[in-house]
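K.L.:
Below are the structure tokens for one structure; questions will follow.
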Amino acid sequence: MFLTQDNKMKWKLLAYATAVVAVIVALGVMWFDAPVYLAMRGLNCKLWSVFDTIFDAKMWVGASFVLMCAFYGKKTLESRPCFKNDKNRFSIMCFWSDFLLKTKNSYAFFTFCSVLSASIIAQILKVIIGRARPVFYEALGMTGFYPFHNDWAFNSMPSGHAVASFAGLVMLGMLAPRIKPFTWSLAILIGVSRVAIGAHWPTDVILGAFIGMVMADLVKWWLKRRCE
């Protein structure tokens, strides 16, 4: 979205988009979050509970790391592994260097880095922002922000599922343009599901999606520069 085909970041566009998203989130918090949330709750279905499990940030990170390991195993069978140091002894550092060398260009590595970095940022923001989840609104008519809470009930913004899914799926769409329509559609569907099941406000998902998209671009930009 903010990255050109020749791996250059559109910094001005990113700045404008950040300002627009900030305005939308502010308007949502003050005005449209509650009515849109209540309308979208009618879209709840059993499929969303499946999404809740398989598109969690931990699942994204775990699955991409397993794929990295599988890719590394394949590469190791094709070429000589480098596990030993100058003294001909097994070395963790040598193994790790060999692992990165063989996996750094794989889709799994790019996805892993994108999801992990985006999820770390999201978790920090969740605690700092401390937004009450919409379950309180449905049960008690209560909304608000309670900064620096580490409790799930006050970690609504941004949506962790939206962050991880957009970070992973947008990255996959950039690496394999043919599947981009599918990856974007799935990411949007996951975002909708977070509101439909009552886990997040609409602006939680909007902010999460934006963070995921931006991190996918930044990670790809940085990794490609490092590989040059």
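Quick note: the coordinates plus some simple rules give every number you see, no bench work behind them. No experiment lies behind these values; they were computed from the predicted model shown. Note that we place each Cβ from the backbone using ideal geometry, even for glycine, and neighbour counts take in every protein chain shown.
K.L.:
When we measure straight from the Cα of residue 224, which lysines land under 16 angstrom away, once same-chain ones fewer than 8 places off are left out?
P.N.:
Straight-line reach from residue 224, under 16 Å: 8, 10, 102, 104.
K.L.:
Between the stretch 5-43 and the stretch 190-212, what is the C-alpha centre distance in whole Å?
P.N.:
The distance from the Cα centre of the stretch 5-43 to that of the stretch 190-212 comes to 11 Å.
K.L.:
I need the peptides 179-185, 145-151 ranked by packing, meaning the mean over residues of other C-beta atoms within 10 angstrom, with the highest value on top.
P.N.:
The most tightly packed comes first, giving 179-185, 145-151.
K.L.:
Relative contact order for the chain: what is it in percent, counting Cα pairs under 8 Å that are at least 6 residues apart?
P.N.:
This gives 27 percent for the chain.
K.L.:
OK, next. Specify whether the C-alpha gyration tensor of the stretch 89-209 places it in the rounded, prolate or oblate class, a ≥ b ≥ c being the square roots of the eigenvalues: rounded for a/c under 1.5, otherwise prolate if a/b is larger than b/c and oblate if not.
P.N.:
Oblate, because a/c is 1.5 or more while a/b does not exceed b/c.
K.L.:
Sticking with this one: Tell me, what is the percent relative contact order of the stretch 1-127, built from C-alpha pairs under 8 Å that lie six or more residues apart?
P.N.:
The normalised contact order for the stretch 1-127 reaches 20 percent.
K.L.:
Within 10 Å, count the other beta carbons around each residue, average over each peptide in 195-206, 65-76, 12-23, and list them highest first.
P.N.:
195-206, 65-76, 12-23
K.L.:
Can you return the aspartates and glutamates within cross-link range of residue 220? Criterion is Cα-Cα under 19 Å, with same-chain partners fewer than 8 residues away left out.
P.N.:
The qualifying aspartates and glutamates are 6, 228.
K.L.:
Would you indicate which of (i) 1.05; (ii) 0.98; (iii) 1.14 is the value of Cα Rg over 2.2 N^0.38 Å derived from the coordinates of this structure?
P.N.:
(iii)
K.L.:
How large is log10 of I(q)/I(0) for the stretch 154-228 at q = 0.12, 0.23 Å⁻¹ when the intensity is taken from the Debye formula with one equal scatterer per alpha-carbon?
P.N.:
With one equal scatterer per Cα and no solvent, log10 I(q)/I(0) is -0.33, -0.93.
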